[in-house]
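The values are calculated or read from the model by the stated rules, or taken from the named source; none is laboratory data. In this text, all values refer to a predicted model and were calculated from it rather than measured experimentally. Cβ sites come from the backbone with ideal geometry, for glycine too, and all protein chains shown count toward neighbours. When the accessible area is computed, the model is the full protein with side chains, heavy atoms only, and any ligands, DNA or RNA have been set aside. Shrake-Rupley method; radii C 1.70, N 1.55, O 1.52, S 1.80 Å.
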Amino acid sequence: MLLGAIADDFTGASDLANTLARGGMSTVQFSGIGHGARACDAGVVALKTRSIPVADAVSQSLAAVRWLLDQGCEQIVFKYCSTFDSTPEGNIGPVAEALLDLLGADMAVVCPAFPGTGRRLFMGHLFVGDRLLSETGMRHHPLTPMVDPDIRRWLARQTQGAVGAVHLETVRAGSDAVRAALRAEREAGRRLVVIDAVADEDLLTIGKAVADHPLVTGGSGIAQGLPANFRAKGRLSAALPETPAVDGPAIVLCGSCSTASQQQVALYGAHHPSFAIDPAALMRGEITIEAVACWIRERGDETPIIYSTAVAETVSDAQARFGRETIASRIEDFFARLARLLVDTGLRRVVVGGGETSGAVVEALQLGSLQVGREIDPGIPVLVGWRDGPVALALKSGNFGAPDVFEKSLRAMARP
Ligand SMILES: Nc1ncnc2c1ncn2[C@@H]1O[C@H](COP(=O)(O)OP(=O)(O)O)[C@@H](O)[C@H]1O
Ligand SMILES: O=C(O)[C@@H](O)C(=O)COP(=O)(O)O
C-alpha cells in the first residue's frame, strides 16, 4: 500500500475509496483493522468514530494508522465529512492533532470541500449549494448538528493548538503559492490549516502542494489530486481489478434522516413495499427483527425498503423521550441485526442510507475487505465483499445521491 486512509464513518470511507479508484489507484476498503491486509495501491480503513467519545475516537484512529504504516503506507489521509460533521468537543480536531503527533508531522491541511456535491469552502466558511452549512438541514442532524459554518472557528473549539487559514486567492495562485502559505502558517505555530476550495481545480492544486505531507485531512475531494503524485513517480499498479456483477435478493435500509434521504425514501416507497420503523414501537419491543424479516419474505421477489427516516420534529421528539444516544443505537442495532439475518438467509444486495447506519450494518456483516466498483452517483460506489459468496453493498451518505439513488444502486450492482 502506498496511500493509507482512515475514514470516520463507512459511507465516508466508500466516498473516499471511490475518489481514489477513479483517480486510478487500486483501492480496497477495510472494515476496521482486524481482517488482514490485501494488496492494493490505497487502503481505506472504515471506522465508526464520528460520534463516539473523543478518547475512543483518538485511540481507534491511532491504531488504524499504525496498521496502515505497517502495510507500507507513505502518506495518510484522515477523511471526515464534507459537511464537517462533529461537535464542539470533536472528533475531527483531537484525531487530527493525535495523528500529527504520531506521524511526527508539523502540519496538515483541513479541507472538507467536495464541489461535485456542492460543498465549497470560501474564506473558511462551508457552503452546501448556495447556503451556508448552518442554514441547511445539517443544523438538525440527529447526532452532529452543525450550527456554525466557519470551519476555522468550529475546529478551533476542538483543538489544543491554534488553527490557520489559506484563502482562495492563494490557492488560485498555484501550488508553489500554497506551499509558501502553508510554510508561513507552520512557522507561526499553526499546525491545522483550513484551506479554501470551491472547484475541482483548487483541490488538484492543493493535492500537488501537499505531495510530501505525511498527513492530509479533508472530505473525499482532498484526495482528488493525490493519485497523480504517485503516478508521477511511476508507482501505481498497471491494472485495476474488476468487481463481479451481483444479482439476487436485495433490500434497502435507511436510517438517515437527512433532507435528501427523506426525498429518496419517499420516491422509492412510492413504487416498492415500504416498512417504517417507529422508534417508540421499537423501544417498546413491538417491532422485532423476526417479524420484519417475515414481512420482507412475504413480499416475494420485490425489493422493499425498511426505514426509520423521519422529519426533524419527529426525530427530536423521539430523542427527548428516549435520549439521543439510546434511540440512535437502538435503531442502528435493529438495522444491523436485520441485515445479518437477511444475508445469512440468502440476501445478496444491500443498499444502506446513512453513515452511522452503514457502519452498524457493515460491521454486523463482517465482510472484512471490500473491493471498490463502479460509481453509482457522486461519492457512492458499488462495493463487493464476501460472505458465503459475493455480497454487493451501496453505502449512501445522508445527503448524497439523486432522488432515485436506491433504484440506481440496485441496478448498478447487477450490471457486469
Ligand atoms: N426516527 C429517528 N429518530 C431518532 N434517531 C434516528 C431516527 N432514525 C434514525 N436515527 C438515528 O440517526 C442517526 C442518523 O445518522 P446516519 O445513519 O449517519 O445518517 P446520515 O448519513 O444522514 O448522517 C443514526 O444514529 C440513526 O440510528
Ligand atoms: O463527505 C461526505 O459528505 C460523506 O462521505 C460522508 O462522510 C457522509 O456522512 P453521512 O452523511 O453521515 O453518511
Pairing a residue in segment 7-24 that is at positive phi with any residue that is in a helix (DSSP H, G or I), where Cβ atoms lie under 6 Å and the two sit 6 or more apart in sequence or on different chains, gives Gly24/Pro227
When segment 126-173 is checked residue by residue, the ones that are more than 25 Å from Ser256 (Cβ to Cβ), of a type outside the set (A, V, I, L, M, F, W, C) and either out of contact with any helix residue (DSSP H, G or I) (no Cβ under 6 Å at 6 or more places or on another chain) or open to solvent by 60 Å² or more (accessible area, probe 1.4 Å) (or both) are Asp150, Arg152, Arg153, Arg157, Gln160, Gly161, His167, Glu169, Arg172
Of (1) surrounded by 15 or more Cβ atoms within 10 Å (Cβ to Cβ); (2) closer than 30 Å to Leu204 by Cβ, Ala293 satisfies every one except (2)
For Leu121, the lone unmet condition from (1) modelled with pLDDT of 95 or more; (2) in a loop (DSSP other than H, G, I, E, B); (3) not β-branched (Val, Ile, Thr) is (2)
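Name the single residue that is nearest to Gly225 (Cα to Cα) among those in segment 19-39 being part of a loop (DSSP other than H, G, I, E, B) and in contact with a Pro (Cβ under 9 Å, 6 or more places away or on another chain).
Looking only at segment 19-39, we keep the residues that are part of a loop (DSSP other than H, G, I, E, B), and these are 23-26, 32-39.
With the extra rule that they be in contact with a Pro (Cβ under 9 Å, 6 or more places away or on another chain), the set shrinks to 23-26.
Values: Gly23: 8, Gly24: 11, Met25: 12, Ser26: 15 Å.
Taking the candidates together, the pick is Gly23.
Only one of Thr309, Thr303 is more than 28 Å from Thr136 (Cα to Cα), outside any helix (DSSP H, G or I) and either modelled with pLDDT of 95 or more or not assigned by TED's automatic domain parsing to the domain that holds Glu407 (or both). Can you tell me which? Outline the logic, then answer.
Working: Thr309 fails: more than 28 Å from Thr136 (Cα to Cα).
Being more than 28 Å from Thr136 (Cα to Cα), outside any helix (DSSP H, G or I) and either modelled with pLDDT of 95 or more or not assigned by TED's automatic domain parsing to the domain that holds Glu407 (or both) holds for just one of Thr309, Thr303, which is Thr303.
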For segment 348-402, the count of residues that are touching a residue at least 40 places away in the same chain (Cβ under 8 Å), surrounded by fewer than 24 Cβ atoms within 10 Å (Cβ to Cβ), within 16 Å of ligand 1 (Cβ to nearest atom) and acidic (Asp, Glu) equals 1
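With Leu99, Leu68, Leu47, Leu2 as the choices, which residue is more than 16 Å from ligand 2 (Cβ to nearest atom), within 27 Å of Ala197 (Cβ to Cβ) and open to solvent by 10 Å² or more (accessible area, probe 1.4 Å)?
Details: Leu99 fails: open to solvent by 10 Å² or more (accessible area, probe 1.4 Å); Leu68 fails: open to solvent by 10 Å² or more (accessible area, probe 1.4 Å); Leu47 fails: more than 16 Å from ligand 2 (Cβ to nearest atom).
The conditions single out Leu2.
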Among Phe275, Phe322, Phe335, the single one that is in contact with a strand residue (DSSP E or B) (Cβ under 6 Å, 6 or more places away or on another chain), away from ligand 2 (no atom under 16 Å from the Cβ) and more than 30 Å from Ala209 (Cβ to Cβ) is Phe275
Pairs returned, first residue in segment 313-330 that is open to solvent by less than 40 Å² (accessible area, probe 1.4 Å), second residue that is of a type in the set (Gly, Ala, Ser) and in a helix (DSSP H, G or I), beta-carbon separation under 7 angstrom, 6 or more apart or interchain, are Ala318/Ala280; Ile327/Ala318
Going through (1) on the phi < 0 side of the Ramachandran plot; (2) open to solvent by 60 Å² or more (accessible area, probe 1.4 Å) one by one, Gly234 fails only at (1)
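How many residues are in contact with a Lys or Arg (Cβ under 8 Å, 6 or more places away or on another chain), within 16 Å of Leu99 (Cβ to Cβ) and either away from ligand 1 (no atom under 16 Å from the Cβ) or assigned to a helix (DSSP H, G or I) (or both) when one looks only at segment 1-11? Before you say what the answer is, go through the steps one by one.
Within segment 1-11, the first condition is being in contact with a Lys or Arg (Cβ under 8 Å, 6 or more places away or on another chain), and the residues that meet it are 2, 5-11.
Keeping just the survivors that are within 16 Å of Leu99 (Cβ to Cβ) gives 5-8.
Applying the additional criterion that residues be either away from ligand 1 (no atom under 16 Å from the Cβ) or assigned to a helix (DSSP H, G or I) (or both) yields 5-6.
Of the residues in segment 1-11, 2 are in contact with a Lys or Arg (Cβ under 8 Å, 6 or more places away or on another chain), within 16 Å of Leu99 (Cβ to Cβ) and either away from ligand 1 (no atom under 16 Å from the Cβ) or assigned to a helix (DSSP H, G or I) (or both).
Whether any residue in segment 332-342 is over 26 Å from Val45 (Cα atoms) and open to solvent by 30 Å² or more (accessible area, probe 1.4 Å) is what I want to check. Walk me through how you get there before you give the answer.
Taking segment 332-342 first, the residues over 26 Å from Val45 (Cα atoms) are none.
Checking segment 332-342: not a single residue is over 26 Å from Val45 (Cα atoms) and open to solvent by 30 Å² or more (accessible area, probe 1.4 Å).
Quick one: which residue in Thr49, Thr19, Thr83 is away from ligand 1 (no atom under 16 Å from the Cβ), under 13 Å from the mean Cα position of the chain (by Cα) and either outside the structural domain of Gly219 (by TED's automatic domain parsing) or at pLDDT 95 or above (or both)? Quick ask: steps written out before the conclusion?
Numbers: Thr49 fails: away from ligand 1 (no atom under 16 Å from the Cβ); Thr83 fails: away from ligand 1 (no atom under 16 Å from the Cβ).
Only one candidate passes the filter, namely Thr19.
Yes or no, residue by residue, for (1) of a type in the set (Val, Ile, Thr); (2) within 20 Å of Gly161 (Cα to Cα); (3) surrounded by 16 or more Cβ atoms within 10 Å (Cβ to Cβ):
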site	(1), (2), (3)
Gly23	no, no, yes
Phe30	no, no, yes
Cys40	no, no, yes
Gly43	no, no, yes
Val54	yes, yes, yes
Ala64	no, no, yes
Gly90	no, yes, yes
